[in-house]
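Chemist: After the structure tokens below, expect a handful of questions from me.
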């Protein structure tokens, strides 16, 4: 179920959907401003943090509310925001978003701080930017292992998210809890993506 949700969000992220730029278009919009790639990446992350925190953005994602898996609408929209952000960062780093190996690494970034453990398990040195050569050496079998590992990690993560959502039963306070959780999580994921695809720091 989790991998279906990721695949669905990834397809929408790279192909675009009504009212939203594709990940590539979003990445390109941060170019040509005289800033470094890292600075542009950080600007993108900050803006996505705001989107993930704002409940108004969540309700505007009509297309994702029909996601063909049993994922709550709010969670589906946050997954889309995060996947599109990571894919945009990968594009900034010069990677081909239609490569299944790059897609799997985008999914790994969804694990946030625990992504380094998954990368280490598949032989990618922690603290080192993922190069085109490293990606080229990832086999189909390894992609399957990555996807299985990230599926389990995210299932646990979203289970914790369900506990956070219980707080939303309390007016105002619940909204603050959910919005803060989404914003903090998105920031962690963005930083992981920057370290993976742009630079190791």
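The values are calculated or read from the model by the stated rules, or taken from the named source; none is laboratory data. Note that this is a predicted model, so its numbers are computed, not measured. Glycine also receives a Cβ, built like all others from the backbone with ideal geometry; neighbour counts cover every protein chain displayed.
Chemist: Of all residues in the stretch 49-61 being in contact with a helix residue (DSSP H, G or I) (Cβ under 7 Å, 6 or more places away or on another chain) and over 16 Å from residue 76 (Cβ atoms), which is modelled with the lowest pLDDT?
Modeler: Here the residue is 53.
Chemist: Buried (at least 21 other Cβ atoms within 10 Å of the Cβ), at negative phi, over 12 Å from the mean Cα position of the chain (by Cα) and at pLDDT below 85, is that true of residue 64?
Modeler: yes
Chemist: Report, ordered by the first and then the second residue, all pairs with beta carbons closer than 7 Å, sequence separation of six or more or different chains, a first member in the stretch 88-113 that is over 22 Å from residue 153 (Cα atoms), and a second member that is assigned to a loop (DSSP other than H, G, I, E, B).
Modeler: 91/97; 92/198; 93/198
Chemist: For the stretch 85-94, state whether one or more residues are at pLDDT 65 or above, surrounded by fewer than 18 Cβ atoms within 10 Å (Cβ to Cβ) and out of contact with any strand residue (DSSP E or B) (no Cβ under 7 Å at 6 or more places or on another chain).
Modeler: Among the residues of the stretch 85-94, at least one is at pLDDT 65 or above, surrounded by fewer than 18 Cβ atoms within 10 Å (Cβ to Cβ) and out of contact with any strand residue (DSSP E or B) (no Cβ under 7 Å at 6 or more places or on another chain), which makes the answer yes.
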